[in-house]
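Worksheet for the structure shown next.
Every read-out reported here was derived from the displayed coordinates using simple, explicitly stated rules and does not represent laboratory data. Please read these numbers as outputs of a predicted model, since none were measured by experiment. Cβ coordinates were reconstructed from backbone atoms using ideal geometry, including for glycine residues, and neighbour counts include every protein chain displayed.
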Amino acid sequence: MTDQPVRAAIVGLGRWGENLTTAPTSALRFTHATTRSTGKAQDFCRKQELTLLLSFDEVLACNQIEAVVLATPHSQHGEQIRHAAAARKHVFVEKPLALHLDDAQEATAAAQRAGIHLCVGFNRRFLPAFQRLEVGAGALGRLLHVEGAFSGSFGYQYTDQMWRGDTSENPAGGMAAMGIHILDLMIALLGPVRRVSTISRHVAVPSQLQDVTSVMLDFTCGATGSLSTLMSTANFWRLHVFGANGWAQMPDQTSLITATLDGHLHREDFAPCDSLAAELDAFAHQIRTGQPYPVSLRQALDGVAAMEAIAISAENGGRWTDVVTASSR
């Protein structure tokens, strides 16, 4: 069975759920689907040859399904993971794992008790430029500081009636949609965050969302960082890591520039990759072969803890807020 694609159901067929379903995977095959608005999904499911089920419970009861892929509102993730674990279904969940650390810890504990694989969808981990940066980070010497930005115009598309336009589902503006990707890459390079200070404001978008967010980060390793994410401007991406021996920068998602202390610059450009297919295939490979998924559950929990602190700091006008991690509780 190791050479057979993992049979999966997509749960949630909004824009991102459809993107995941149509990603050109080789190790995972979507066979079933369920979503809140089944009527709207019928044509899509017919084209993709998906069996449309009426509820998540039906998905969990189906013996043909080995794994579920959750593209659902953030607040539902923890409960859905726990139910899937009880049904012995492997779970791929879109970021964030949960909005609150307690919920995320309960979900991961349920997955571990059930012996199922749980993976979180941080597709930017699969960018070749980031993978090269991660491998070569040691050459930068002690890491001192990191800066990152991920912005776009998504906020103009959301209304208060949509869950993506709801502040309870999206605290601190664009953090859950975009900024969390940069935060995850920072954690991959520097480890957990110790405390944060956040300014987040509603300025331009039609919904109630705070569309301009800026975060200062203090990492446990001693490095500092800054992160910005806007939902009301043109698309923008940057990740810049500074070390005692030089720096490395991704000015976009397909390039890497490095600099040494003597001023030597080196630029490398990478072919675009389908990071959605890559993350789903990595999930399937972990199920079939035990190959480790690049994002550990510890890192995912560290990200939830930092996100929760970022939201609290934003509510308190930027006050420095300690990140309460799983190990400190």
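Numbers below:
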{"read-out": "Near pairs, Cβ below 7 angstrom, 6+ apart or cross-chain, from segment 219-248 (on the phi > 0 side of the Ramachandran plot) to any residue that is in a loop (DSSP other than H, G, I, E, B)", "value": "Gly246/Leu261"}
{"read-out": "Of all residues making up segment 58-67, the number that are assigned to a helix (DSSP H, G or I) and under 25 Å from the mean Cα position of the chain (by Cα)", "value": "2"}
{"read-out": "Residue list for segment 9-30, filter: farther than 23 Å from Ala176 by Cα and touching an Asp or Glu at 6+ places or on another chain (Cβ under 7 Å)", "value": "Pro24, Thr25, Ser26, Ala27, Leu28"}
{"read-out": "Per-region count, segment 282-308, residues over 17 Å from the mean Cα position of the chain (by Cα), in contact (Cβ under 8 Å) with a residue 12 or more places away in the chain and more than 17 Å from Arg125 (Cα to Cα)", "value": "3"}
{"read-out": "Failed criterion for Pro96 (all others in (1) outside any strand (DSSP E or B); (2) farther than 27 Å from Val203 by Cα hold)", "value": "(2)"}
{"read-out": "Exclusive hit being farther than 21 Å from Gly318 by Cα and in a strand (DSSP E or B), set Leu217, Leu144, Leu133, Leu185", "value": "Leu144"}
{"read-out": "Count of segment 31-54 residues which are part of a helix (DSSP H, G or I) and either closer than 25 Å to Ala177 by Cα or of a type in the set (A, V, I, L, M) (or both)", "value": "4"}
{"read-out": "Of all residues in segment 1-21 being assigned to a helix (DSSP H, G or I) and touching a strand residue (DSSP E or B) at 6+ places or on another chain (Cβ under 9 Å), the one that is farthest from Thr38 (Cα to Cα)", "value": "Leu20"}
{"read-out": "Residues being touching a His at 6+ places or on another chain (Cβ under 9 Å), farther than 20 Å from Val146 by Cα and among the small types (Gly, Ala, Ser) - total across segment 169-218", "value": "1"}
